[in-house]
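Working notes for the structure below.
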There are 2 protein chains.
Amino acid sequence: MQQILVDKHIRVYVVDADHIAEEVGLGHTLGTIMQACFFALSNILPRDVAIQHIKESIQKSYGKRGEAVVKRNFSAVDLAVARMVEIKVPAKVTTDRVRPSPLGDLGRKPSEFVEKVTSVMLAGRGESLPVSAFLSRVDGTWPTGTAEWEKRSIALSIPQWDPAVCIQCNKCALICPHAAIRTTVYQAEAAPKAPAGFVSTPYKGKDFAGQQYVVQVAPDDCTGCGLCVEFCPAKDKSNPRHKAIDMVEAEARKPGERTNYHYYLSLPPPDRKKVMLDVKGSQFLEPLFEYSGACGGCGETSYVKLLSQLFGDRAIIANATGCSSIYGGNLPTTPWRANAQGRGPAWSNSLFEDNAEFGLGIRLAVDALKGRAERLLQSLAGQVGDDIVGSILNAGQHDEAGIEEQRVRIVALREKLASVGSPDSATLSGLADYLVRKCVWIVGGDGWAYDIGYGGLDHVIATGLDVNILVLDTAVYSNTGGQQSKATPTGASAKFASSGKEVPAKDLALLATTYGNAYVARLAVGAKDKQTVDAFREAESWHGPSLLIAYSHCIAHGYNLVKGPEQQRLAVDSGLWPLFRYDPRRAAKGEPPLQLDSGPAKAKVIDFMRNEGRFRSVELADAKRFARLAQSAQNQAEQRMSYYQQLAGIRTSHPGDAE
Amino acid sequence: MQQILVDKHIRVYVVDADHIAEEVGLGHTLGTIMQACFFALSNILPRDVAIQHIKESIQKSYGKRGEAVVKRNFSAVDLAVARMVEIKVPAKVTTDRVRPSPLGDLGRKPSEFVEKVTSVMLAGRGESLPVSAFLSRVDGTWPTGTAEWEKRSIALSIPQWDPAVCIQCNKCALICPHAAIRTTVYQAEAAPKAPAGFVSTPYKGKDFAGQQYVVQVAPDDCTGCGLCVEFCPAKDKSNPRHKAIDMVEAEARKPGERTNYHYYLSLPPPDRKKVMLDVKGSQFLEPLFEYSGACGGCGETSYVKLLSQLFGDRAIIANATGCSSIYGGNLPTTPWRANAQGRGPAWSNSLFEDNAEFGLGIRLAVDALKGRAERLLQSLAGQVGDDIVGSILNAGQHDEAGIEEQRVRIVALREKLASVGSPDSATLSGLADYLVRKCVWIVGGDGWAYDIGYGGLDHVIATGLDVNILVLDTAVYSNTGGQQSKATPTGASAKFASSGKEVPAKDLALLATTYGNAYVARLAVGAKDKQTVDAFREAESWHGPSLLIAYSHCIAHGYNLVKGPEQQRLAVDSGLWPLFRYDPRRAAKGEPPLQLDSGPAKAKVIDFMRNEGRFRSVELADAKRFARLAQSAQNQAEQRMSYYQQLAGIRTSHPGDAE
C-alpha cells in the first residue's frame, strides 16, 4: 500500500470523523463529515463555494427536522474541514508491516472453500474467481458459518463485564443483535487452562450448580451499539452509572478479549437437555446465527438469533426478501451456521410475493419424506427389529431430551441398515434424519407479511399446517429505504409519504386470530423478554400454523438505536403495541384463547412518537396535522386496548380436530 | 333449413328430453339423454355396446352419489333410446315458414349497432364481421342493455300471478335471478289503454295510494327456475298449494304475456324520490341488470340486480373475473343497461389478482376528477354565480331526492357554462357529472375475494377509502368447474378435492372487521331479505370501505336450485352462516359495532349438508369420514355463534377521524 502511495505521488489526509460526529451529536453518522472533506480536497468547486452548497443542501434535507439538527450538521462540516490533517508520504517505502489477511485469525485453518473463495471475495476480488472455484457447490448450496471469518472489528467501544455486579440474567446476550456478547456455564476442572485475562465467576443457579459462569464479548464482531449495556438491569448500588457491563474504549482491550474469546469458544456448550428454555436458559444455547452484517443496534436480529438458539439445530427456514434475507444470506459470508455436530438450519430466500408458500412447500416436502421414511421403516421391521421401529415411530420428541433420544435411535438404526444392505435400507438410511422432528420457519419483514406476501401468508395459515411464521416488524420497508407499509403506524412519515400516515396500521395479529387454528403472538423483546421467549417455544410446539409478530426497532425510525428497548417499552406502555398470545390449546381447555400480556396504558402515545424522527418530521412540517394524527393514534390505542381486554374474556373451545 | 335437409338427405330425429328428465327425476339435466341418443344413432359403436359403455360410465361417475342417482340415469338412457322418433323429411321443400330474426321483437327498431353487429353475432356468424363494423367503438367501450334483444324463450313453465292471493310484498321480483318477473305501481288514468289480458290490482300501500299494482313476467326472458314461486310467502288459504304466483305451462301463455310485458315496459317507473328503500320498495326501482346468461336459479344475480336497482344510475363497477364477469360482460349481449335518462352503471372486468386494486383506481380517479371540477367551479363563481356554486358544493346528496336536486343543478350549471364559453367552462361542463355523488362497487366471487385477489382486497380495505365490495360467495370456484376455495365449508367436496374439506372456511367477514374502519355484513337474501337490503343501503352510505359477503347458492352445490332460499335459511338457522352487520358508525355512537342479525341455532349443520350433492358425495364415499367432518362443522358452527354473540357485546368507539 505504501509503495502505491509513493509511486503515484498520492497525498493522504485523515480526519477523526467518529469523534467529530459524537462531539456534535450525530452519533455514528459520518456521511456529512466525509462529504465535507471530499469537497474540501477535490477542488471540483472552490472550497468555500462547495461548503456553502453542502450547507444549503443540509438546510433543504434536514430543515424539516428542526434547527438543532441543521446546526449539528453545520458544525460537523466546519469541524471536518478544520480538523482534517495531511499525513506526509515519504519518498520511499519505510514500513515493515504487511497487509493482514482478509480472514480473521480464529486459531485454526479455514476450510478450502473459505480459503479459496470466501477470502478472495472478502478481499474485494471476487470477479477474479474462475467458475471452477465453485465446482464443489454444484447443488447450489453455499457453506454456512463463514461470517466468523469476516472480522470487521468496527467497534470503538466494547462491553466490559463486572461479575461482582452481574445478576447472571443473560439479558445482555439476548438483546445483542450480533451474537457478539455471549454467556455460558462450564466445568472449570474439566476445562483447559484459561488465559490470564479470562474472567469467570461461580454460577448462582441450581441448574448448573458448581459450574463457572462467563459473560464474554467477541471484540472483533461487536459493533459497539451499546444495547447490551442499555438492556442490563444490574446496577452497582454504590454507583448507579456503573452496571454489570459498561462500554469501554475498545482498541486497548481488543487483543486481550480476542484471546479470551478464542478460549471461550473452545469451551463445550452446556448440555441442551439440561437447559431451561426461558430467557436466561435460551442464552446458554449456542447461537447458530452470528456476526451478521445487520446495522449496529438492529432490532430484528435478536429475534432471529433467539430462533437459532432454540430450534436452529433442526430448523428449515424460508426467508422473504428484505433486510433479513440480506444480512441472512448475503455474500461473501453467511451468519447462519451449524453446531459442532454439523446440525444447523437449512436456509433459503424466496420472493416477497411467495415466501409463505415457499415455506409451506418445505413443510409438505418434509412431511412427505418423513412419511416415506416411516413406511420404509415399517417394511424393514423384520430386518432391523420391531423394537427400534416401534420406539422410533412412537417417539414423543416433545422436548430437547426426547429429540436427543430420537437422534440416538437414528444412529443405531443406520448401523442396522448398513448391515441389511438392500436398496430400501439404503434409501431409508438417506431419509432417516426426517424421523427427527423438524421445524419449518417462514421469516420476513412487514412489507412481506402485511403487504406483498400477505395473500400467501393468509393462505398458508388457512391450511392449518404446522409452520411457524416470524414477522420482523419494523413497520416500514426498511431494506429499500423506508417506504410505508400497512404496518406503518398513524402519524409516521415514510419515503414518498412524508406527510404522516393518515389511516391506522393493519392489525395482522388480530386478523390471524380469526382463523382460530393458529397460535398468534405479538411480541416486543425489549419490553417483555419473557413473553417473547415463551411465545417462541409455544409457537414451535403448536402443531398447526403459528404467527409471531415481533416489534423491531430500526434505523428507519430515526433515533439512536441504543434507545430501542426503551422505545419498545413505551410502545407497549402507551397501548400502541399491546402484547398478547392467542393459543388454540387454551380454547380447547375452555379458557379464553387470547391472553393479554401487557397491562393498561401508563404512557401517552405522543411520548413514544416524539422520540422518533419518523414522527418528529411530521410535527416539524405541520404541527397542527401532527396534533390531529397523534390524537388519532391515541384514540386508536385506547380503543384497541379496550377491544383486546374484552376479547381476552371470550371463551370458545376450538374444534379438537383442527390440530 | 328445410332446403338443406332435403338437399343433403339429412335424417331428423326428435326426443322429448325435458319430459324424460323430469319423469326420471333428473330435473332439467339433459346431458345423459342426449348422449344416449347420439350413440344410438351415430353407429360409431353397435347400439347395444354403446349403451353398455354409457351405463358403465354412469356407474363410474355417479356411483359415489348413490344407487338412486345411478338408476335415474340408467332410466334416462333407456327411455331416450326408446322414445326417439324419426321425422320424415319430404322430397322437396313444403314449409312456408321463415327463420325468425335472431333479435327479439321489442316493438321498436334496434340501434344500428345491435342491427349490424349484435344480431350477426347472435346468429352465430360473428366471424363474418369486418373490423369496420366496430369503428364506432374506437374507445373500447361496448353498448349496454343489449341482452333485451336476445330472446332465448327457454322456459317450459312461467309464473302466473293471482292478485287475489298476492300480498304485494315484491319478494318474487327480489329473488328472480333474471329480472324476468317485475313489479310496479302506476297511475292507471294517465296510462295508455292496457291490452285485454293485462292484469293489475289496486295498490295496498300508502306510499303510492290510489295507484295500480302489477306483477308481470317477461315470458321470453324467464328461465322457468321457479324461485319466484318458491320464495312467494302468500298462500291461498283455501288451497295451500296455490300461491300468489304459480308456475304454469309456458307455450300457450307466451304470446299473451309478451304483449302484456311490452305494455308493462311502456309504463313510466315510479318516482325514485318517493320509493322506500326497503325490500318492497327496491323492487319498484328499475333493474339495470336484466336477462343475463346466468344459470337458471342462480344465487348470485339477485344480489347483482338489487345493486343495479338501488345504485345503478350512479354506479361504477369493477368486476373480477368469474361467473359475474361472464354473465355480466360476455358477448354477444350485455345485461347491464341504462335507464330512460341514459344513466346506468359503467362496468369493466379486471383480473382475479387485481380487481380490488382496479376498483380502488376508479375511486381515486373519480375523486380526482370531482376535485378538479370543484376547483374549476370555484374559479368560475364570478361568471356562473356564487349561489349555484355554493349550492352545488354544499349539496347533501344523502338520499335519492338530494341526488336528484344535484342533477337539476348540474343541468342549470351547464346552461350557464355554455354562455361563458371559455376553455375552463368547457372543461367544467365535461366534468360536471362528477359533482353528482358516484358509488364505486368492486364485485367478484369467493375465489377472487378469499383467495387470489385477497391480498389486494385487504390492501383496499386498509386504505379507508370509499369503495363498496360485493362478494358473491358460492364457497367454490364456480365458473371454472367447482374447485375448492378458502370459502369452501368443512366437509364439502370440490373438483380435485373430492374427499371433503378438512379445515374450516376462512371467515372473511370477521377478518375485515378487525380494521374497524370498514362496514362489513354477511348476507343471505334467501334467509333474511330485509337484512340484505338494509346492508346494501348502509354499505353505500358509509364513506369508507364496505364489504358485503353474500351467500349465493350455485349449481356447483349439487341440488335443485329452486330450493336455494330454503338452503340459505338452513345455513343461517344451523349457525353455519350467521348473519351480521358491523358498522363503524355504531361504534362512534358508543354501541357495539357488531350486530348479530340471526338468532341462536335451531337446526343442525348436518341437515343442511345432507341436502347438497357436494356433501352427500363425501358421505357416500366414506360415511365415517363424513360423520367426523360433519361433527367438526357442527362444532365450528357452535363456537362461531358463541364467539359472535360475545363480540356483539363489545363496545369500543371508533376514532371519528377515520371517516
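Okay, here's what the table says:
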| quantity | calculated |
| --- | --- |
| Value of Rg/Rh across the stretch B:1-149 [Cα atoms, Kirkwood radius] | 1.12 |
| Residues whose placed amide H lies under 5 Å from that of residue B:179, excluding near-sequence neighbours | B:291 |
| Net charge dipole size for the protein assembly as shown [Lys, Arg +1 and Asp, Glu -1 on Cβ; Debye, nearest 20] | 400 debye |
| Dipole of chain B [Lys/Arg +1, Asp/Glu -1 at C-beta], most positive-end residue of B:119, B:146, B:216 | B:216 |
| Karplus-derived 3J(HN,Hα), 6.51/-1.76/1.60, for each residue of the stretch A:399-404, Hz, glycine and proline x | 9, 4, 5, x, 5, 5 |
| Within the stretch A:232-296, trypsin sites (Lys or Arg not before Pro) in DSSP loop having at most 14 other beta-carbon neighbours inside 10 Å | A:237 |
| Extension gain from residue B:369 to residue B:196, taking 0.36 nm per residue of separation minus the Cα-Cα distance | 57.2 nm |
| Estimated vicinal HN-Hα couplings, Hz - the stretch B:294-311 in sequence order (Karplus 6.51, -1.76, 1.60; Gly, Pro = x) | 4, 4, x, x, 3, x, 8, 6, 5, 5, 5, 5, 4, 4, 5, 6, 6, 10 |
| Under 18 Å from residue B:8, Cα to Cα: lysines that are on another chain or at least 8 residues apart | B:88, B:92 |
| Convex hull of the stretch A:183-256 built on C-alpha atoms - directionally averaged projected area, nm² | 6.5 nm² |
| Positive-end residue, the protein assembly as shown charge dipole about Cα centroid, Cβ charges, pick of A:59, A:192, B:174 | B:174 |
| Reduced Cα scattering model of the protein assembly as shown, Debye log10 I(q)/I(0), q = 0.06, 0.09 Å⁻¹ | -0.69, -1.26 |
| Restraint check, B:486/B:563; A:438/A:528; A:280/A:438; B:235/B:280; B:506/B:589; A:280/A:528, Cα-Cα greater than 21 Å | B:486/B:563; A:438/A:528; A:280/A:438; B:506/B:589 |
| For the stretch B:525-659, size of Cβ-based charge dipole, Lys and Arg +1, Asp and Glu -1, in debye | 460 debye |
| Sequence-distant residues sharing a close amide H with residue A:651 (under 5 Å, placed H) | none |
| Size of the stretch A:147-285 as Cα extents on the principal axes (Å, biggest first) | 37, 37, 27 |
| Viscosity 1.306 mPa s, 10 °C: Kirkwood-radius Stokes-Einstein D of the stretch B:392-493 over Cα pairs, µm²/s | 92 µm²/s |
| For chain B, with +1 on Lys and Arg beta carbons and -1 on Asp and Glu, the positive-most of B:431, B:69, B:463 along the dipole | B:69 |
| Euclidean distance between Cα centres, the stretch B:430-493 to the stretch B:70-91, Å | 45 Å |
| Kirkwood Rh, angstrom, the stretch A:77-221 [1 / mean 1/r, Cα pairs] | 20.0 Å |
| Charge sum, other residues only, whose C-beta stays under 12 Å from residue A:602's C-beta, Lys/Arg counted +1 and Asp/Glu -1 | 0 |
| Cβ-derived FRET efficiency at R0 22 Å, residue B:401 paired with residue B:204, nearest 0.05 | 0.35 |
| Net charge of Cβ neighbours under 15 Å - reference residue B:14; Lys, Arg +1; Asp, Glu -1 | 0 |
| Fraction of beta bridges assigned by DSSP in the protein assembly as shown that are antiparallel (%, nearest 5) | 50 percent |
| Hull volume in cubic angstrom per residue (convex hull over the Cα atoms of chain A) | 195 Å³ |
| Nonlocal amide H pairs with residue A:445, under 5 Å, H built at 1.01 Å | A:472 |
| Pairwise Cα inverse-distance average, inverted: Kirkwood Rh of the stretch A:357-435 (Å) | 12.9 Å |
| Set of lysines with alpha-carbon distance to residue B:60 below 24 Å, sequence-local pairs under 8 removed | B:71, B:495, B:501, B:624 |
| Cα-Cα pairs of the stretch B:534-586 separated by more than 19 Å (percent) | 43 percent |
| Quarter of the Cα convex hull surface for the stretch A:284-430, i.e. its orientation-mean projected area (nm²) | 10.5 nm² |
| Cα-derived Rg over Rh, computed across the stretch B:546-651 with Rh taken as Kirkwood radius | 1.06 |
| Straight-distance crosslink candidates among lysines, where the alpha carbon sits under 23 Å from residue B:151 and sequence neighbours closer than 8 are dropped | B:109, B:116, B:254, B:305 |
| Average beta-carbon neighbours from other chains, 10 Å sphere, peptide B:507-519 | 4 |
| For chain B, size of Cβ-based charge dipole, Lys and Arg +1, Asp and Glu -1, in debye | 1140 debye |
| For residues of B:453-459, the mean tally of beta carbons on other chains within 10 Å | 5 |
| q = 0.11, 0.12, 0.16 Å⁻¹, the stretch B:2-87: log10 I(q)/I(0) [Debye, one scatterer per Cα] | -0.33, -0.38, -0.63 |
| Chain B - mean residue ellipticity at 222 nm from DSSP helices (-39,500 (n - 2.57) per run, n ≥ 4, rounded to 500) | -11500 deg cm²/dmol |
| Whole-angstrom Cα spans of the stretch B:423-563 along principal axes, big to small | 66, 32, 28 |
| Two-decimal ratio, the stretch B:474-654, of alpha-carbon radius of gyration to 2.2 N^0.38 Å | 1.04 |
| Within-15-Å neighbourhood charge of residue A:205 [Cβ basis; K, R +1; D, E -1] | +2 |
| Gyration tensor over alpha-carbon atoms, the stretch A:223-265, equivalent ellipsoid semi-axes in Å | 23, 11, 11 |
| Calculated from backbone phi, Karplus (6.51, -1.76, 1.60) coupling profile of the stretch A:166-179 in Hz, x at Gly/Pro | 4, 9, 6, 8, 6, 5, 4, 5, 4, 7, 4, x, 10, 6 |
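Quick note: the coordinates plus some simple rules give every number you see, no bench work behind them. Source: prediction; values computed, not measured. So basically every Cβ, Gly included, is an ideal-geometry build from the backbone, and we count neighbours across all protein chains shown.
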